[in-house]
Amino acid sequence: MGNLFGRKRRSRVTEQDKAVLQLKQQRDKLRQYQKRISLNMERERALARQLLKEGKKEKALLLLKKKRYQEQLLDRTDNQISNLERMVQDIEFTQIEMKVIEGLKIGNECLNKMHQVMSIEEVERIIGETQDAVEYQRQIDELLAGSLTEEDEDAILEELNTITQEQLELPEVPSEPLPTEIAEPTPIKNRPKPELVAAS
(Lines give C-alpha, C1' and ligand atoms only; values in the text may rest on other atoms or scores of the structure.)
Protein backbone atom coordinates (compact mmCIF):
# COMPACT_ATOMS: atom_id res chain seq x y z
CA MET A 1 0.00 0.00 0.00
CA GLY A 2 3.05 2.26 0.29
CA ASN A 3 3.16 2.54 -3.49
CA LEU A 4 -0.42 3.83 -3.75
CA PHE A 5 -0.14 6.27 -6.65
CA GLY A 6 2.74 4.66 -8.50
CA ARG A 7 5.43 6.94 -7.08
CA LYS A 8 8.59 5.26 -5.96
CA ARG A 9 9.73 5.89 -2.46
CA ARG A 10 13.13 7.47 -2.29
CA SER A 11 15.40 5.48 -0.07
CA ARG A 12 17.15 7.47 2.60
CA VAL A 13 20.11 5.09 2.38
CA THR A 14 22.80 6.67 0.22
CA GLU A 15 25.61 4.99 -1.69
CA GLN A 16 28.01 6.23 0.99
CA ASP A 17 25.89 4.55 3.68
CA LYS A 18 26.00 1.28 1.75
CA ALA A 19 29.77 1.56 1.35
CA VAL A 20 30.23 2.22 5.08
CA LEU A 21 28.04 -0.76 5.91
CA GLN A 22 30.02 -3.05 3.62
CA LEU A 23 33.32 -1.84 5.08
CA LYS A 24 32.08 -2.48 8.62
CA GLN A 25 30.85 -5.94 7.68
CA GLN A 26 34.24 -6.74 6.15
CA ARG A 27 35.96 -5.47 9.31
CA ASP A 28 33.76 -7.71 11.45
CA LYS A 29 34.57 -10.74 9.25
CA LEU A 30 38.29 -10.03 9.64
CA ARG A 31 37.91 -9.87 13.43
CA GLN A 32 36.13 -13.23 13.43
CA TYR A 33 38.93 -14.62 11.26
CA GLN A 34 41.49 -13.32 13.79
CA LYS A 35 39.69 -15.06 16.65
CA ARG A 36 39.64 -18.32 14.72
CA ILE A 37 43.37 -18.06 13.95
CA SER A 38 44.17 -17.22 17.58
CA LEU A 39 42.28 -20.29 18.80
CA ASN A 40 44.09 -22.47 16.23
CA MET A 41 47.44 -21.06 17.32
CA GLU A 42 46.77 -21.90 20.97
CA ARG A 43 45.68 -25.43 20.05
CA GLU A 44 48.72 -26.03 17.85
CA ARG A 45 51.08 -24.69 20.52
CA ALA A 46 49.57 -27.10 23.06
CA LEU A 47 49.85 -29.88 20.49
CA ALA A 48 53.53 -28.98 19.83
CA ARG A 49 54.25 -29.32 23.57
CA GLN A 50 52.54 -32.67 23.59
CA LEU A 51 54.59 -33.83 20.57
CA LEU A 52 57.83 -32.68 22.26
CA LYS A 53 56.94 -34.70 25.34
CA GLU A 54 56.40 -37.71 23.10
CA GLY A 55 59.75 -37.09 21.39
CA LYS A 56 58.35 -36.10 17.99
CA LYS A 57 60.53 -33.03 17.52
CA GLU A 58 60.07 -32.82 13.72
CA LYS A 59 56.28 -32.63 13.93
CA ALA A 60 56.49 -30.08 16.78
CA LEU A 61 58.83 -27.93 14.65
CA LEU A 62 56.41 -28.10 11.74
CA LEU A 63 53.50 -26.97 13.96
CA LEU A 64 55.57 -24.06 15.33
CA LYS A 65 56.37 -22.95 11.74
CA LYS A 66 52.68 -23.06 10.96
CA LYS A 67 52.00 -21.02 14.11
CA ARG A 68 54.58 -18.44 13.03
CA TYR A 69 52.91 -18.14 9.63
CA GLN A 70 49.53 -17.62 11.35
CA GLU A 71 51.05 -14.86 13.53
CA GLN A 72 52.10 -13.07 10.34
CA LEU A 73 48.55 -13.49 9.03
CA LEU A 74 47.27 -11.89 12.25
CA ASP A 75 49.58 -8.91 11.73
CA ARG A 76 48.34 -8.48 8.17
CA THR A 77 44.69 -8.70 9.24
CA ASP A 78 45.40 -6.04 11.92
CA ASN A 79 46.68 -3.75 9.17
CA GLN A 80 43.65 -4.50 7.00
CA ILE A 81 41.25 -3.81 9.88
CA SER A 82 43.00 -0.53 10.59
CA ASN A 83 42.75 0.42 6.88
CA LEU A 84 39.04 -0.44 6.85
CA GLU A 85 38.38 1.64 9.99
CA ARG A 86 40.32 4.57 8.54
CA MET A 87 38.29 4.30 5.32
CA VAL A 88 35.00 4.29 7.29
CA GLN A 89 36.08 7.37 9.23
CA ASP A 90 37.13 9.15 6.02
CA ILE A 91 33.78 8.42 4.36
CA GLU A 92 31.80 9.55 7.42
CA PHE A 93 33.83 12.74 7.73
CA THR A 94 33.42 13.44 4.01
CA GLN A 95 29.65 13.06 4.43
CA ILE A 96 29.74 15.67 7.20
CA GLU A 97 31.84 17.98 5.01
CA MET A 98 29.34 17.55 2.16
CA LYS A 99 26.47 18.57 4.46
CA VAL A 100 28.43 21.61 5.61
CA ILE A 101 29.18 22.61 2.01
CA GLU A 102 25.52 22.09 1.08
CA GLY A 103 24.48 24.31 4.01
CA LEU A 104 26.98 26.98 2.95
CA LYS A 105 25.67 26.81 -0.61
CA ILE A 106 22.05 27.27 0.53
CA GLY A 107 23.08 30.13 2.84
CA ASN A 108 25.00 31.81 0.02
CA GLU A 109 22.01 31.54 -2.33
CA CYS A 110 19.75 33.02 0.35
CA LEU A 111 22.15 35.93 0.91
CA ASN A 112 22.33 36.60 -2.83
CA LYS A 113 18.53 36.71 -3.06
CA MET A 114 18.40 39.12 -0.13
CA HIS A 115 21.06 41.31 -1.73
CA GLN A 116 19.01 41.43 -4.93
CA VAL A 117 16.01 42.67 -2.97
CA MET A 118 18.07 45.19 -0.97
CA SER A 119 20.62 46.74 -3.27
CA ILE A 120 23.11 49.33 -2.01
CA GLU A 121 21.33 52.03 -4.01
CA GLU A 122 18.03 51.10 -2.34
CA VAL A 123 19.59 51.26 1.14
CA GLU A 124 21.20 54.65 0.36
CA ARG A 125 17.84 55.96 -0.93
CA ILE A 126 16.02 54.81 2.25
CA ILE A 127 18.67 56.37 4.49
CA GLY A 128 18.49 59.62 2.51
CA GLU A 129 14.69 59.74 2.80
CA THR A 130 14.91 59.10 6.53
CA GLN A 131 17.42 61.92 6.99
CA ASP A 132 15.22 64.26 4.95
CA ALA A 133 12.19 63.39 7.10
CA VAL A 134 14.16 64.02 10.30
CA GLU A 135 15.40 67.37 8.99
CA TYR A 136 11.87 68.37 7.94
CA GLN A 137 10.52 67.50 11.42
CA ARG A 138 13.32 69.53 13.06
CA GLN A 139 12.38 72.56 10.93
CA ILE A 140 8.72 72.23 11.96
CA ASP A 141 9.76 72.02 15.63
CA GLU A 142 11.90 75.17 15.27
CA LEU A 143 9.03 77.05 13.60
CA LEU A 144 6.61 76.10 16.35
CA ALA A 145 9.05 76.93 19.12
CA GLY A 146 10.15 80.20 17.48
CA SER A 147 6.62 81.49 16.66
CA LEU A 148 5.71 82.28 20.28
CA THR A 149 6.64 85.73 21.55
CA GLU A 150 7.64 86.57 25.09
CA GLU A 151 4.15 87.93 25.77
CA ASP A 152 2.68 84.61 24.59
CA GLU A 153 5.01 82.75 26.93
CA ASP A 154 3.91 84.95 29.86
CA ALA A 155 0.22 84.47 29.01
CA ILE A 156 0.70 80.68 28.82
CA LEU A 157 2.41 80.63 32.25
CA GLU A 158 -0.33 82.80 33.78
CA GLU A 159 -3.04 80.50 32.39
CA LEU A 160 -1.19 77.51 33.78
CA ASN A 161 -1.09 79.12 37.27
CA THR A 162 -4.82 79.91 37.07
CA ILE A 163 -5.67 76.32 36.16
CA THR A 164 -3.54 74.92 38.97
CA GLN A 165 -5.16 77.32 41.49
CA GLU A 166 -8.62 76.21 40.41
CA GLN A 167 -7.70 72.60 40.87
CA LEU A 168 -6.34 73.19 44.37
CA GLU A 169 -9.53 74.06 46.25
CA LEU A 170 -8.25 74.29 49.80
CA PRO A 171 -10.58 74.78 52.78
CA GLU A 172 -10.90 78.34 54.07
CA VAL A 173 -8.91 79.29 57.11
CA PRO A 174 -11.19 80.02 60.11
CA SER A 175 -11.24 83.64 61.24
CA GLU A 176 -12.02 82.82 64.92
CA PRO A 177 -9.18 81.79 67.23
CA LEU A 178 -8.85 78.15 68.00
CA PRO A 179 -9.78 76.95 71.51
CA THR A 180 -6.82 76.28 73.77
CA GLU A 181 -8.48 73.68 76.03
CA ILE A 182 -9.70 70.40 74.74
CA ALA A 183 -13.19 69.55 75.94
CA GLU A 184 -13.63 66.20 77.62
CA PRO A 185 -15.91 63.83 75.85
CA THR A 186 -19.29 63.34 77.43
CA PRO A 187 -20.04 59.80 78.54
CA ILE A 188 -22.69 57.90 76.65
CA LYS A 189 -25.64 56.98 78.82
CA ASN A 190 -26.66 53.39 79.02
CA ARG A 191 -30.11 53.01 77.67
CA PRO A 192 -32.26 50.11 78.80
CA LYS A 193 -32.57 47.45 76.19
CA PRO A 194 -36.09 46.71 75.02
CA GLU A 195 -37.38 43.37 76.07
CA LEU A 196 -38.18 40.92 73.44
CA VAL A 197 -41.56 39.32 73.65
CA ALA A 198 -42.03 35.91 72.21
CA ALA A 199 -44.74 35.57 69.64
CA SER A 200 -47.55 33.27 70.59
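The values are calculated or read from the model by the stated rules, or taken from the named source; none is laboratory data. Nothing here was measured: the structure is a model prediction, and the numbers come from that model. Virtual Cβ from ideal backbone geometry, glycine too; neighbours counted across all protein chains shown. Just so you know, the surface numbers come from the protein's heavy atoms only, side chains and all, with ligands and any DNA or RNA stripped out. Shrake-Rupley method; radii C 1.70, N 1.55, O 1.52, S 1.80 Å.
To the nearest 10 square angstrom, what accessible area does residue 114 show with a 1.4 Å probe?
110
Just list whichever of 24/99; 29/53; 18/67; 29/56; 24/66; 29/57 have alpha carbons separated by over 32 Å in the model shown. Intermediate values should be presented prior to the final figure.
Details: 24/99 22 Å; 29/53 37 Å; 18/67 36 Å; 29/56 36 Å; 24/66 29 Å; 29/57 35 Å.
As for pairs spanning more than 32 Å Cα to Cα, those are 29/53; 18/67; 29/56; 29/57.
Suppose R0 equals 30 Å. What FRET efficiency, 1/(1 + (r/R0)^6) with r the Cβ-Cβ distance, do residue 136 and residue 157 give to the nearest 0.05? Don't jump to the answer; show the numbers that get you there.
Working: r = 30 Å, r/R0 = 1.00.
The calculated FRET efficiency here is 0.50.
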